[in-house]
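The values are calculated or read from the model by the stated rules, or taken from the named source; none is laboratory data. Because the structure is a prediction, the values reported are computed rather than measured. Reconstructed Cβ throughout: ideal geometry from the backbone, glycine too, with neighbour counts over all protein chains shown.
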């Protein structure tokens, strides 16, 4: 499977196999006076999101982020800052993969997240670090697409639900 066809799984709506979730949240939802907006949820691959996207969450989340499917509410002002940072990182990844400002984000980059399991087994399972480092750079478009997909979703949620008085975005993660 080539870089052009492999994408990190993210899907609109609630998908049980994709267990890192983002969703708009209101006080009525928190008070159980309204239903969770499953159709508006973004479901993401748990491991990829933890390794690749959590540095953004960690930087912008106000307080201690809770795991084990706890609801973490990130207010819209923090979401806006996070989106801006994601887009800045995408731009830098596109222009200069070796820019030192990318170091905190690149710590989670791993080739097994960026290629299919078959390609990983065939090419990279026993490959030396020099080969996997080059392969990660060669597959950076997978990361860029992943980051862009989440940022686009968050932009859409902000545009739609912030004017309606929602609290922000709920972020839930399994471990």
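For segment 50-66, a tally of residues being farther than 15 Å from residue 106 by Cα and either without any contact (Cβ under 8 Å) to a residue 60 or more places away in the chain or crowded, with 17+ Cβ neighbours inside 10 Å (or both) returns 6. Checking each residue of segment 67-84 against the condition of being in contact (Cβ under 8 Å) with a residue 60 or more places away in the chain, over 29 Å from residue 164 (Cα atoms) and in a helix (DSSP H, G or I) gives no match.
Restricting segment 14-49 to residues that are assigned to a loop (DSSP other than H, G, I, E, B) and exposed (fewer than 13 other Cβ atoms within 10 Å of the Cβ) leaves a set whose member that is farthest from the chain's Cα centre (by Cα) is 33.
Name the single residue that is surrounded by the fewest Cβ atoms within 10 Å (Cβ to Cβ) among those in segment 103-120 being touching a helix residue (DSSP H, G or I) at 6+ places or on another chain (Cβ under 6 Å) and part of a helix (DSSP H, G or I).
As a first pass, look at segment 103-120 and keep what is touching a helix residue (DSSP H, G or I) at 6+ places or on another chain (Cβ under 6 Å): 104-105, 108-109, 111-114, 120.
The next check asks that each one be part of a helix (DSSP H, G or I); those that pass are 104-105, 111-113, 120.
Details: 104: 13, 105: 21, 111: 21, 112: 16, 113: 21, 120: 19.
That would be 104.
Would you confirm whether or not segment 86-97 contains a residue that is assigned to a loop (DSSP other than H, G, I, E, B), touching a helix residue (DSSP H, G or I) at 6+ places or on another chain (Cβ under 7 Å) and modelled with pLDDT of 95 or more? Yes, segment 86-97 contains a residue that is assigned to a loop (DSSP other than H, G, I, E, B), touching a helix residue (DSSP H, G or I) at 6+ places or on another chain (Cβ under 7 Å) and modelled with pLDDT of 95 or more.
The set of residues in segment 137-173 that are outside any helix (DSSP H, G or I), more than 14 Å from the chain's Cα centre (by Cα) and touching a residue at least 40 places away in the same chain (Cβ under 8 Å) comprises 139, 162, 164, 165, 166, 167, 168.
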